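Heads up, the thing below is written out as structure tokens.
The values are calculated or read from the model by the stated rules, or taken from the named source; none is laboratory data. This structure is a prediction, so every number in the text was calculated from the model and none was measured. With ideal geometry, Cβ positions are generated from the backbone for all residues, glycine too; neighbour counts draw on all protein chains shown. The area values use the complete protein model at the heavy-atom level, side chains included, leaving out ligands, DNA and RNA. Shrake-Rupley method; radii C 1.70, N 1.55, O 1.52, S 1.80 Å.
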Amino acid sequence: MLDAEDGYGGRYGIVLDRRTGLMTATLRVIPASTWLANRADADTWVANWGGWLASLGYLPALRWVTVTIDTAPEPGSTLADTVAAALDPDSPLAARQIMGQLVEAAPAAAADVDTRVSITFDPKASPSAPAGLTDAAAEFGRMLHGLESALGTCGVTVLGRASPAEIAGVVRTAFDPAARGEVNRLLAQAASGRPGRGLGWAEAGPVGAEEEPGCYRHDSGISISWAWQEAPRQNVTADVLARLVAPGRYPKRVSLQYRPFPAAEATRVLEAEVNAAQFRAIYKRRTGRDETARDTYDQARARQAAAEEAAGAGVCLVSMYVTVTVTVAGEAELPRAAAETEAAAESSRIRLRRMTYSQAAGFAATLPCGICPAELARRMPH
């Protein structure tokens, strides 16, 4: 973990991969609900998001972007602390009892929702060729300024860059869900400027973890991770993932990872897809085979993608990772949590596949640490 300055007097955290030199910073955002907005506004947000993704192809040092929606039942620590500080000991007993009952019932009725945009930067691919770690962090910070300002037009409010303590808190609560309330207290204490023990990077990782073929055991939790088997083949709307990312009874993280093609390479990729679709059509005609509806659809989509790229759209490799967690005390609830997650994915037209024997990698891909399973697979010896 590196502690960097954002240029405005604030500090933010950068996770450094010591092996590859990749650097990852995380933006904290609050998305606007499309259900409460005019359709024209929602369409504008979607168009601006497409433009934001297209701009990534012109940043050679940017490797990938991970958007994560982290939901969990509210542990009640924030509400309990707020009520305890505001409660008048001389108030009527009935009023104090009502507030106490409200605090006890809140975790079952409220949700803790956190949305993050993690950006991974490769200093070696930067045109400025930064000489050292300090220069690389400065170059990364300048790139983040432009991405932050453009992201604000995509229907989200950018709260700022996550501090080292906030990133450590996200990782800690993922590995130790029973500590969510205490971690929230520490982060709230640090944000208010009150003195107290902070949360360090050394405390973020698990005390113990064990990977099994179908699940991942870590500290006080047990998790199951999935990756999508294929993208939806039909046209989808802006709220297609609403059911999957909606808060539920169990802590859940849904991450979409975008790996942009460079603008010049995107043209060649799409032209190759169009040529491949045409070759398949010609081959089937010459061999006397009938063209299937799937072949016709693929050919039309390849041409449409090429036309959109020529008009300025970007091309990205997109993957999705989903992790659901239950506490060790509630291990019997793990099959139910898995079934609910898979049902929500089906309703969102997403086909998930459990990451058997890769549960640790899928779990880490949903954390703000710059983990890309596709990149990890390239590093593995054959």
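The apolar share of the surface of the chain, taken as the fraction of accessible area on carbon and sulfur atoms (1.4 Å probe, ligands and nucleic acids excluded), comes to 55 percent.
Just checking the listed ones, Pro247, Pro127, Pro31: in the Gaussian network model of the chain with Cα springs under 10 Å, the one fluctuating most is Pro127. Once the C-beta distance of Arg142 and Thr20 is scaled by a Förster radius of 25 Å, the resulting FRET efficiency is 0.75 to the nearest 0.05. Over region 320-370, accessible surface divided per residue gives 43 Å², non-protein components excluded, 1.4 Å probe. Between Val240 and Leu159, what FRET efficiency comes out of the Förster formula 1/(1 + (r/R0)^6) with R0 = 25 Å and r the beta carbon distance, rounded to 0.05? Given R0 = 25 Å and the Cβ-Cβ separation, E is 0.50. Probing with 1.4 Å while keeping every protein chain in the model, the per residue accessible area of region 126-254 equals 47 Å². Think of each Lys and Arg Cβ as +1 and each Asp and Glu Cβ as -1; about the Cα centre, that makes the dipole of the chain roughly 1140 debye.
Taking Leu56, Leu147, Leu93 as the candidate residues, the one with maximal mean-square fluctuation in a Gaussian network model of the chain, Cα springs under 10 Å, is Leu93. Run a plain Debye calculation on region 1-152 (Cα atoms as equal point scatterers, no solvent) and give log10 I(q)/I(0) at q = 0.09, 0.17, 0.19, 0.21 Å⁻¹, rounded to two decimals, same order as the q list. Log10 of I(q)/I(0), two decimals: -0.48, -1.01, -1.13, -1.27. Average accessible surface for region 1-48: 62 Å² per residue, computed with a 1.4 Å probe over protein heavy atoms with every protein chain in place.
Once both labels are positioned 7 Å from their Cα atoms along Cα-to-Cβ, the gap between Glu230 and Asp41 label points is 3.8 nm. Over the chain, DSSP H runs of length four or greater, each weighted -39,500 (n - 2.57), average out per residue to a 222 nm ellipticity of -13500 deg cm²/dmol. Against the chain, whose longest principal axis comes from its Cα atoms, helix 133-151 is set at around 80 degrees.
Rounded to the nearest 10 degrees, the angle from helix 180-191 to the longest Cα principal axis of the chain is 80 degrees. Based on C-alpha pairs under 8 angstrom that are at least 6 apart in sequence, the chain has a relative contact order of 24 percent.
So if R0 is 56 Å, what FRET efficiency would Ala84 and Thr267 give, r being the distance between their Cβ atoms, rounded to the nearest 0.05? E(calc), rounded to 0.05, equals 0.40.
Stretched out straight at 0.36 nm per residue, the stretch from Leu102 to Arg249 would grow longer than its current Cα-Cα span by 51.1 nm. Matching the structure-derived semi-axes √(5λ) of the Cα gyration tensor in Å against the labelled list [x] 39, 26, 21; [y] 100, 26, 16; [z] 32, 27, 21 gives the label [x]. Output the 0 to 90 degree angle, nearest 10, between the alpha-carbon long axis of helix 39-55 and the longest principal axis computed from the alpha carbons of the chain. Helix 39-55 sits at roughly 70 degrees to that axis.
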